[in-house]
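Here, each number is a calculation from the coordinates, and none is a lab measurement. Computed from a predicted model, the values in this text were never measured in an experiment. Using ideal geometry, Cβ is built from the backbone for each residue, glycine included, and neighbour counts are taken over all protein chains shown.
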Amino acid sequence: LIPIMNGDVIDYDEQRTGLRREGMYAGINSLVTKPAISLAQAAFLWILQANGYDPLLPKGLQTAQAENGILLAWMLIPAILLTLSWIVMRWYPLAGKQWEKIKEQLAIIHDEKERLALQKLQAKMTD
């Protein structure tokens with residue numbers, strides 16, 4: 001969802017400021033995403049360790065607690081986080097009729113920018 005939402009946020013920012021700042025938003029997204037991925041992986045391994053997972057045991061010989069830790073880290077925690085995300089998304093402001101009006105305004109602005117750019121290009125070609 002985040003890449004889709006980034007497009008909406010960039011469009012909303014353009015509507016408010018008149019500037020297109022995709023590069024800035026992509027940089028901030030990377031700045032947040034990369035550490036978040038590292039933390040998620042560390043949390044997964046910590047949960048396995050806390051539940052007694054032994055990577056040296058042959059397949060199928062983990063303790064019941066270790067198997068529960070795997071299920072907790074692999075299914076339950078992501079399900080809880082996904083549910084929380086869904087709840088938060090119910091209040092996502094960039095949707096509905098008002099957002100559609102803003103998108104229509106942006107389409108007009110983009111058409112005008114394209115028209116002006118083509119005029120400048122044609123003027124340069126005739127000089």
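Each part gets one Cα centre, and for the range 1-32 versus the range 80-127 those centres are 11 Å apart.
Net length available on complete extension from residue 77 to residue 22 is 16.6 nm, with 0.36 nm assigned per residue and the Cα-Cα distance removed.
Relative to the dominant Cα principal axis of the chain, helix 96-126 is inclined by about 50°. Sorted from greatest to least, the principal axis extents spanned by the alpha carbons of the chain come out as 78, 37, 21 Å. Axis angle, to the nearest 10 degrees, between helix 22-50 and the longest C-alpha principal axis of the chain: 10 degrees. Using a simple spin-label model with points 7 Å from Cα along the Cα→Cβ vector, what separation in nm is obtained for residue 125 and residue 57? If labels sit at residue 125 and residue 57, their model points lie 7.2 nm apart. Need the list of aspartates and glutamates near residue 59 for cross-linking: C-alpha distance under 20 angstrom, and skip anything on the same chain fewer than eight residues off. In chain and number order, the partners are 67.
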